[in-house]
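Taking it in order: structure first as structure tokens, then the write-up.
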Amino acid sequence: MFNMIKPAFLSIGLISSTMHPVASAAPVTPVSEDSQESHQARMKWWNEARFGMFIHFGLYSVHGGVWNGKKTNFYAEWIQATFDIKLEDYVHLSKKFNPNEFNADDIVLTAKKAGMKYLVITTKHHDGFCLWPTQQQTDWNITATPFKRDLIGELAAACKKHGIRFGTYYSISDWHHPSQYIHRDAKGRATEDSYFQTRMHEGRKAEYLAYMKAQIAELIKNYDTDIIWFDADWVGWWTLEEGQELYRYIRSLKPSIIINNRVAKRNKFKFDFGTPENETPESTLDHAWEACWTMNNSWGYKSHDNSWKSSQELVRKLVDISSKGGNLLLNVGPRGDGLIPGPSVERLADLGKWMERNGESIYGTAASPFGKLRWGRCTARNSPSGATLYLHVFDWPKDGKLVLPGLKNAVLSAQLLGKDGNLTFDKQGSLVLLQVPDQAPDPTLSVIKLEIQGSPDIVPMPSLPGKLSASSTWSAPGHEPSMAGDGKLSTRWSAAATAKQGHLEIDLENETSVGNAFIVENYAHRTEEFALEYWQDGLWKEAWRGTKIAGEKWLSFPPVKAKKFRLNILKAKDVPTIEEFSLYAH
Ligand code: FHN
């Protein structure tokens, strides 16, 4: 039985390899005839879109994750597998599928108002049921339901009408097609894992391949789908080569189409885009990617799943993903009657309001030129004359001072996005000190727009993770050395009450080449003499020596390799007190 947090199939490497940042990404298998230029041209609208709607809708939606009174604790669209519902019982679901409230215009407009630019709907999930009147040999399709209408056709038309790109999800594995079967034990029982690994009957693969190709051709011909979004590439009988061949075939039918990497094997193939699922990579990837996320813990409608992510969390997810150069495909699971559940609609409306004000910082932007920023994320827009940086401040500074470290370019202007008037700022070397209101103007997430001269020229980041310790600590709690490494200017380390000198040490755990340090002493300007030191050959050696810190100081010095570094306050007017101390790799 799958575990709700980490289903078995998610832990066998389906997802993880798409998660690796550039340095450790799995090798990309090229599809030679797709030149980089043609790939980029085809992907232009998609790259600029940044935000789309995923729709999981099918026969399973009628049951909302409950079968004979039993509630699933896994994805609702997997109900057939979870309760091992026999085919003869499951087929009756088609007689119950009558989503009378389904209104394609309403769904598309809900997506559009949320700021989404495209939509992908499950035309055939793992249960094999086709949500359109397919002409291929199967009665397992929408015409067999009381609803009868061409739901996919209606949605495709509404997308065209409202200027939203249209995409179709298609599961390679099929629990219904006669070419495949579910392995059962001697007692005739099957586990979710058996459903996960469907088997192919000897000699029937060609037949199924022809079926898939013909169905995909229908989706292109009848609905002019812009994206084919494959899934269930994990089945043992599906190979990388077959996937690549299918990819080529589809592109020959519609050269401008966009196909996700699950057409082949998601861990080995990255065209046209990678698909991390319910996970966001740590940093940018070396290929186009789209993270798909659920709003609660199920893709299909699950009546008893109330673990909704908040609107603020979803906004931040979109921002986080954009700052790493990816797209967000945010899921909704309409109920059996065809309506999107209320909590999803509310969240989409909130996202829409935020995007209305701040969409400029998302659509068509490039990934952040910075490494990790301690207070939030950045997106960028480059132009021949300069660049715009959008600073998304997750952790608003209580003292009204926002520090952007590591920007070498001149800053031309700074303003709160969507507000009149400029913010004042100061530039000290590569440090930008911005004066911002004491309170975040937008409780969901506020954005600061910086116009800079030239393309971003950034001092290598990010700050290194390390363990902080100190020569002494103020007796009352809340003044520990770790406070100087929490990324917040509102907290601080203080030495013991009688100290007039002391040091704050960072242990990086591994020898690291360090060339920059950032120190903040805003609370009181007490330091009169200090040194930045590193431990080498049994001695503390000096990398930098200075007098007053008096505010924020960004130190750049010839790189030194060591495991331990310290800020040594040699002389202070009163108890040494430091808000932030961080090191940056060279
Ligand atoms: O098993 C499916 C699941 O039901 C859902 O469709 C997600 C969406 O990406 N894909 C599969 C798991 O990878």
Seminar exercise, completed: Of (1) within 14 Å of the ligand (Cβ to nearest atom); (2) more than 28 Å from Y195 (Cα to Cα), N261 fails just (2)
Seminar exercise, completed: Of the candidates G243, G203, the one satisfying the condition of being of a type in the set (G, A, S), modelled with pLDDT of 95 or more and part of a loop (DSSP other than H, G, I, E, B) is G203
For this session: List the number of the failed condition for S322; all other conditions in (1) within 16 Å of the ligand (Cβ to nearest atom); (2) surrounded by 24 or more Cβ atoms within 10 Å (Cβ to Cβ) hold.
Result: (1)
Exercise. Out of (1) closer than 15 Å to S173 by Cβ; (2) among the acidic types (D, E); (3) in contact (Cβ under 8 Å) with a residue 40 or more places away in the chain, what's the single condition that is false for E242?
Worked result: (3)
Seminar exercise, completed: Within region 144-195, residues being in contact (Cβ under 8 Å) with a residue 40 or more places away in the chain, part of a strand (DSSP E or B) and away from the ligand (no atom under 16 Å from the Cβ) number 2
For this session: Determine which single condition H304 fails, assuming it passes every other condition in (1) more than 15 Å from the ligand (Cβ to nearest atom); (2) surrounded by 21 or more Cβ atoms within 10 Å (Cβ to Cβ).
Result: (2)
Problem set entry | Looking only at region 371-401, and only at residues there that are hydrophobic (A, V, I, L, M, F, W, C) and modelled with pLDDT under 90, the one that is surrounded by the fewest Cβ atoms within 10 Å (Cβ to Cβ) | W375
Problem set entry | Subset of region 66-119 that is within 16 Å of the ligand (Cβ to nearest atom) and polar (S, T, N, Q) - its residue that is surrounded by the fewest Cβ atoms within 10 Å (Cβ to Cβ) | N73
Exercise. Does region 336-349 include one or more residues that are within 21 Å of V411 (Cα to Cα) and acidic (D, E)?
Worked result: no
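Anything in region 335-349 that is over 22 Å from E279 (Cα atoms) and either out of contact with any Pro (no Cβ under 7 Å at 6 or more places or on another chain) or among the basic types (K, R) (or both)? List them, or say none. Can you show your working first?
Pass one, region 335-349, residues over 22 Å from E279 (Cα atoms): 335-342, 345-346, 349.
Across region 335-349, the qualifying residues are R335, L339, P341, G342, V345, E346, A349.
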Exercise. Within region 281-295, is even one residue more than 13 Å from the ligand (Cβ to nearest atom), part of a loop (DSSP other than H, G, I, E, B) and within 30 Å of Y211 (Cα to Cα)?
Worked result: yes
Exercise. Which strands (runs of 3 or more DSSP E) sit wholly inside region 427-472 and have at least 3 residues that are within 27 Å of the chain's Cα centre (by Cα)?
Worked result: 446-453
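The values are calculated or read from the model by the stated rules, or taken from the named source; none is laboratory data. Since the structure is predicted, the reported quantities are computational estimates derived from the model, not experimental observations. Note that each Cβ is placed from the backbone with ideal geometry, even for glycine, and that neighbours are counted across all protein chains shown.
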